[in-house]
Structures are given as structure tokens and as C-alpha cells.
There are 2 protein chains.
Amino acid sequence: MTSSLSDVAITAWARLVRAQQGAVVGVEDALRNTGLPPLVWYDVLLELERVGGEGLRQREIERHTLLQRYSVSRIVDRMEAEGLVARSPSPEDARGTVVRITRKGRALRHRMWPAYAAAIEENFARHYNETELARLASLLKPFAR
Amino acid sequence: MTSSLSDVAITAWARLVRAQQGAVVGVEDALRNTGLPPLVWYDVLLELERVGGEGLRQREIERHTLLQRYSVSRIVDRMEAEGLVARSPSPEDARGTVVRITRKGRALRHRMWPAYAAAIEENFARHYNETELARLASLLKPFAR
DNA sequence: GCATTATTGTAGCAATTGCAACAAAATAGT
DNA sequence: ACTATTTTGTTGCAATTGCTACAATAATGC
């Protein structure tokens, strides 16, 4: 396998990795220092909030979050223990469970957002103006869901 | 939820996170499936190769890789156990150690590159042409070291 | 010089993760 | 219908990580 990667591709890759790593670490630190749960909990809560009362199958959460199956299983375990989400058996598929957000879950998601937004600003957005952000978003479109 | 973050900033952030997560997971999987060590080993080896015979202090590796101190300590432990790097006491600072890459380490770094490059191509670069890669690299400049 | 504080690296312990095996149900093939 | 395969989710165990305390040295302040 001869490398067809150009120098500019390698540079772009290196910076992408570093940008995200640096920014995510910063955001995670900010959340932890505020006594808030990790980013992935926010993602799960947000997805569940978006779909509303129907809830999501764990398999769907898996796809949304890029987590492993067992990771979803355990995260939902913990969030359920905290009363943030509720599991119930799926009516159509006896293997699966449906996960729904609770009032408490919505409240937490809400409380997380200001800290999260501030951390995104601090660790990422402050480097850019609106035009640049739009160009970045456009370039990263291949990775949108 | 009022915040100073624009919608476009949020979109850019979401895609950045997803782009990197998806791509890094893909690359890590590819390396693992080829029986190669994780990405961070590559990074450490590359840094050590770049600085040549002088080696690096663990503290410097920490800065280069965005790892925690104890993570560096342990990664160097494992890499040393594999004979990929060598530790020696720092002449100027009796607290510190100097880490140098070994011949075996260079060989491994070399062997990792084709698999790594292929995975970057597959999980990232194939979405873009050279112009786009250049624009992306330019936009991500704030995160370059 | 001496006491205080900061830096560098390690290690114990608890929590978390990854791997692999598993159970149960659904789907596909014949 | 029946068997094989795939999908969904969980769990035990080993490996890894994060947190914290710690030891040793260096740098700073007086």
C-alpha cells in the first residue's frame, strides 16, 4: 500500500485531530469542574429530548453517538440509576428496550448547556468569525449525520 | 437557552467532533486489526524520531501529545518494555528522565505508517480534493502546534 | 542559607473500558 | 416448519484509566 496521502492531507488530518482533542479535553474539563457529567451524557440526553416521547432503542443511541454497544448499555445503566432516563421493553421487538428521557433528564440537559456553550466558545469558537465557522461547517459536511 | 454561540458555530462544532471521532475510531480499528499498536504510540514514536538522539523529557511528550502526566508515564513504561524506547536519567535535571527512540522503535513507526496512511485516506482524506484539504488545514491553523 | 512553593515523575486504588462469551429474539434460507 | 444466521443487549474478567497522594528535586522568596 503506497501512501497516496499528500502533505496537505497529512497536515489537515493532524490539525483536525489536534483541534478536536484539545477542544474536547477543554470542554470535558470545564464540565467536570462544574460538577456536571461528561459530554456523552449530554449527547444522549439531547437525542432523547429531540425524539420526544417515543424514545430511542439503544441500538439507535449507538449509531447517534458512535459508542460501542456495551458502552451504551452501561451509560444507560448509569443514567437510569440517576433517574435521567427510563428503560421500558420495546413493544415491537422483544429483544430490545426503549429509552426515554425523564423530567429530571431534561432538567439536567438544560443545566448543562450554558457550561457546555461557554466551553465550546472558549475552546473552539473564539478562534473564528461567523464566515469562517460557516466555511468550516461546510467543509466538514461529509461528517454530518 | 440564550448563549453567545451562533447556530453555525454549533453546527461547526458538532461536525468537527463527529468528523474526528468517526475518523479516529476508524483509524484505531484499522491499526488494531492489523495487529499494530494504538495511534498515540505512533505519535510518541514520531516525535522522538524527529528530535533524534537528544530524546525528549516526559514532560515534553506530555505537551506534544496532550496526554496526562501519568498517561505518559505508563505509555513510556509499556513502550520501554517492548524495547521501542529507552529511558535514561536527565543530566541537567535529576528529577527527570530522557526518553529516546530505539532502532526497534523506528522500525515499528515505519511499519505503522502504511496502515495509518491508508486509514487516514479511507476515513478522512477521500472526502476531499487537494484544494479542500488546503482550506481545511488553513482553517484549522489555530490548533496547529 | 533556609523555608516555601512548583515541577517532574511514579504508584495504589477505585472506576471505567474493551474483549469475548453469552442469552434471547428476530430474520433469512431452504 | 426448521435450521442457520443476524441482531440486540448484557455481563464477567482482564486491562486501562483517572484520581490522589507521594517522593524527589528544582526554583523562588526572604
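Each reported figure results from applying straightforward, stated rules to the coordinates on display, with no laboratory input. Remember, predicted model here, so these are calculated numbers, not experimental data. In this analysis, Cβ positions are derived from the backbone assuming ideal geometry, glycine residues included, and neighbour counts consider all displayed protein chains.
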Springs between alpha-carbon pairs under 10 angstrom, Gaussian network model over chain A: which of A:115, A:86, A:94 fluctuates most? A:94
Yeah, region A:40-90 with a ≥ b ≥ c from its alpha-carbon gyration tensor (a/c under 1.5 is rounded, else prolate when a/b outruns b/c, oblate otherwise) is rounded
Shortest first and in nm to one decimal, what separations exist between residue B:70 and its copies in the other chains, measuring from label points 7 Å along the Cα-to-beta-carbon line? 2.2
Given springs between every Cα pair under 10 Å in a Gaussian network model of chain B, which of B:45, B:108, B:133 has the largest fluctuation? B:133
Between copies, how close do the residue B:92 label points come, placed 7 Å along Cα→Cβ, listed in nm from shortest? 6.6
Let me confirm one metric for peptide A:20-27, namely the mean number of other chain beta-carbon atoms within 10 Å of its residues' beta-carbons. 5
At 7 Å along the Cα-to-beta-carbon direction for both residue B:130 and residue B:80, put a label point, then send me their distance in nm to one decimal. 4.5 nm
Distance between Cα centroids, region B:88-122 to region B:17-69: provide it in whole Å. 9 Å
For the axis carrying chain B to chain A: nearest C-beta residue of B, whole Å: B:20, 2
Can you list, shortest first and in nm, the gaps between the label point of residue B:126 and those of its counterparts in the other copies, using a point 7 Å from Cα in the C-beta direction? 3.9
Chain B, relative contact order in percent, only Cα pairs under 8 angstrom and at least six apart counted: 25 percent
FRET efficiency (residue A:144, residue A:59; Cβ distance; R0 25 Å; to 0.05) is 0.75
